1. Computing the accessible area with a 1.4 Å probe over protein heavy atoms, can you report the carbon and sulfur percentage for the chain?
2. In what sequence, largest accessible area first, do Phe63, Phe70 appear using a 1.4 Å probe?
3. Among the helices of the chain (complete DSSP H runs), which have Cα atoms covering no less than 18 Å along the helix axis and a Kyte-Doolittle mean of at least -1.0?
4. Across the Cα atoms of the chain, what radius of gyration and what greatest pairwise Cα-Cα distance (Dmax) are found, in Å?
5. If I stretch the segment between Arg115 and Arg134 completely, what's the gain in nm (0.36 nm per residue apart, minus their alpha carbon distance), one decimal?
Amino acid sequence: MLPPLDDVDRIMEVMAAAFPAEYGEAWNRRQVSDALLLAGTHHVLIAPDGTSPPPSHEPTAGFSLSRGLFDEEELLLFAISPAWRRRGLGHMLLEQFITDARNRGKKRLFLEMRRNNPAGILYASHGFRPIGIRPRYYRALNGERIDAITQELVIE
Ligand SMILES: CC(C)(COP(=O)(O)OP(=O)(O)OC[C@H]1O[C@@H](n2cnc3c(N)ncnc32)[C@H](O)[C@@H]1OP(=O)(O)O)[C@@H](O)C(=O)NCCC(=O)NCCS
């Protein structure tokens, strides 16, 4: 079965705008469409007014993409387009991801982020806690090496 093309388009539109080019974190279209074909992969789309999923005539403000295995799930991509930031959409999208994962029976959620990414403030406010460091994991275009921080949320 093919993934819904429209959702791939929507994800790629946000991806192109949201991830700073210098860290090479954005996925290409092939990576996204392949991921959506894998069992256990889930994505959430959110509209600028917080509706999820966005009605077909509405733009997409953000998305998450995650992959679950057994009772764990990893948040692989999470982004809100710059035009729609600091209005609480990141909070709503993260809450939706956590609720969906809980409803799928997940007990532990993971993610990995660049050290000092402001997203860490958002994750911490939803209960994620750092559990590990991959030293110098990310390489910026200017050659700078940045640690990856692994975070975990244990859900009831
Ligand atoms: C991280 C991201 C998803 C936040 O989206 P958002 O819609 O702006 O988030 P919210 O408006 O819900 O903000 C939630 C809180 O996070 C914190 N926050 C978000 N962006 C911040 C920033 N640039 N600087 C400081 N704090 C920030 C604040 O505490 C904020 O609450 P406040 O606005 O009440 O102060 C968005 O900035 C983004 O897409 N960044 C690029 C992609 C990325 O790095 N994704 C995470 C990969 S691990």
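1. Carbon-and-sulfur percentage of accessible area, whole number: 53.
2. Heavy-atom accessible area, descending, gives Phe70, Phe63.
3. 5-18, 89-103
4. 15.1, 44
5. So the chain would gain 5.9 nm between Arg115 and Arg134.
The values are calculated or read from the model by the stated rules, or taken from the named source; none is laboratory data. The structure presented is a predicted model; accordingly, all values stated were derived computationally and were not measured. To get the accessible areas, we keep the full protein, side chains included, count just its heavy atoms, and leave off ligands, DNA and RNA. Shrake-Rupley method; radii C 1.70, N 1.55, O 1.52, S 1.80 Å.
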